[in-house]
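Worksheet: the structure to be examined is printed underneath.
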Amino acid sequence: MPRVRHSTRVRLRPRPDWHKRNFLTSVLIPSLFVKRSGAETPPQFPKIREGEICITWIGHASFLIQTHDVNILIDPIWSKWLKVIKRLKQPGFEIHHLPSIDYVLVTHAHFDHLDRRTLRRVAANQPIVVPTGVGNLVHDLGFHIVHELDYWQSVELGPLRISLTPCCHWGARFLADSHRDFGGFVVAANGRTIFHCGDTAYFPGFREIGDRFNVDLALLPIGAYDAPTGREVHMNPEQAVRAFLELRANTLIPMHYGTFPLGFEPLHEPPQRLLAAARAHGIEEQVLVMTEGKPVVL
């Protein structure tokens with residue numbers, strides 16, 4: 001099947017009126033004086049039976065996914081800063097409380113998803129899966145095998161089947177490396193399917209993802225939608241509900257909000273808007289708003 005990468009890569013040019021608001025003075029500087037919230041308490045990981053999935057939200061887009069026999073980390077970041085952007089919500093637990101990690105997945109090279117400091121601490125010769133063009137950023141961190149996937153490609157890792165899906169974003173870590181790809185992951189394990197869509201604006205591809213995969217749990221971003229540049233680079237909560245309906249998934253788990261001040265919207269706003277949109281569509285019972293560091297067995 002032909003790739004659709006070019007139609008889903010967001011352009012870097014800001015909206016013409018982006019300069020009318022000052023992100024530095026209205027968001028970044030005030031955030032420096034905000035005390036980080038959240039408690040870093042040791043997690044109580046439950047015993048997981050065959051066929052069950054345990055999900056622990058670490059914060060932002062970082063998740064620990066556990067089955068009865070493997071532990072998977074997706075987009076892990078324990079760093080307290082993104083260069084000059086302060087983390088305003090503590091990670092759900094300290095990194096040394098992690099169980100042994102069997103596989104690591106990174107959706108794209110942006111600093112809030114590919115955190116080299118965290119990855120170096122997690123690395124223990126286990127395989128890592130990244131989009132095409134991202135492998136050279138993780139090769140030297142201590143991973144045994146690096147799998148680079150193209151859209152719709154899959155790799156079998158033990159009991160898992162991991163597939164890369166398209167999204168509407170971009171993958172450059174710096175301005176000069178726009179060749180790096182980006183995407184979401186579908187993780188199939190024990191007859192269950194988890195979709196972590198990485199970073200994305202809304203785009204028509206969710207319906208095709210739902211056609212190709214029987215998605216059980218959909219981890220969808222709902223924050224950073226009021227971007228400083230004015231570009232549409234992240235879904236807003238209402239668009240996340242639309243994407244969820246097009247995926248035809250069973251459970252919506254929101255992410256990518258409340259951790260780093262990446263947009264003009266208040267940090268508390270995304271989940272409120274999400275629940276309101278879910279009520280309007282009659283799917284409120286299918287939305288699971290997680291608390292950082294609290295494992296949930298599904």
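Of note:
- Enumeration of residues in region 147-176 that are open to solvent by 40 Å² or more (accessible area, probe 1.4 Å), in a loop (DSSP other than H, G, I, E, B) and more than 16 Å from ARG192 (Cβ to Cβ): TRP152, GLN153, TRP170, PHE174, LEU175, ALA176
- Boolean, THR200 is farther than 24 Å from THR67 by Cα, among the polar types (S, T, N, Q) and over 15 Å from the mean Cα position of the chain (by Cα): no
- No other residue among ARG212, ARG207 is surrounded by fewer than 17 Cβ atoms within 10 Å (Cβ to Cβ), under 28 Å from VAL297 (Cβ atoms) and in contact (Cβ under 8 Å) with a residue 24 or more places away in the chain apart from ARG212.
- Positions within region 98-112 being at pLDDT 95 or above and either surrounded by fewer than 17 Cβ atoms within 10 Å (Cβ to Cβ) or part of a loop (DSSP other than H, G, I, E, B) (or both), in sequence order: LEU98, PRO99, SER100, ILE101, ASP102, VAL106, THR107
- Matching residues in region 226-264 - criterion: being open to solvent by 20 Å² or more (accessible area, probe 1.4 Å), touching an Asp or Glu at 6+ places or on another chain (Cβ under 7 Å) and under 20 Å from LYS86 (Cβ atoms): ASP226, HIS234, PHE264
- Once region 177-197 is narrowed to residues that are of a type in the set (Phe, Trp, Tyr) and either within 9 Å of THR107 (Cα to Cα) or in contact with a Lys or Arg (Cβ under 6 Å, 6 or more places away or on another chain) (or both), the residue that is surrounded by the most Cβ atoms within 10 Å (Cβ to Cβ) is PHE182.
- Top-ranked residue in region 24-60 [being open to solvent by 30 Å² or more (accessible area, probe 1.4 Å) and in a helix (DSSP H, G or I); ranked as nearest to PHE264 (Cα to Cα)]: SER26
The values are calculated or read from the model by the stated rules, or taken from the named source; none is laboratory data. None of the values given here were measured: they were computed from a predicted structure. Quick reminder, even Gly has a Cβ in these numbers, built from the backbone with ideal geometry, and neighbours come from all protein chains shown. Only protein heavy atoms, including side chains, enter the accessible area calculation; ligands, DNA and RNA are left aside. Shrake-Rupley method; radii C 1.70, N 1.55, O 1.52, S 1.80 Å.
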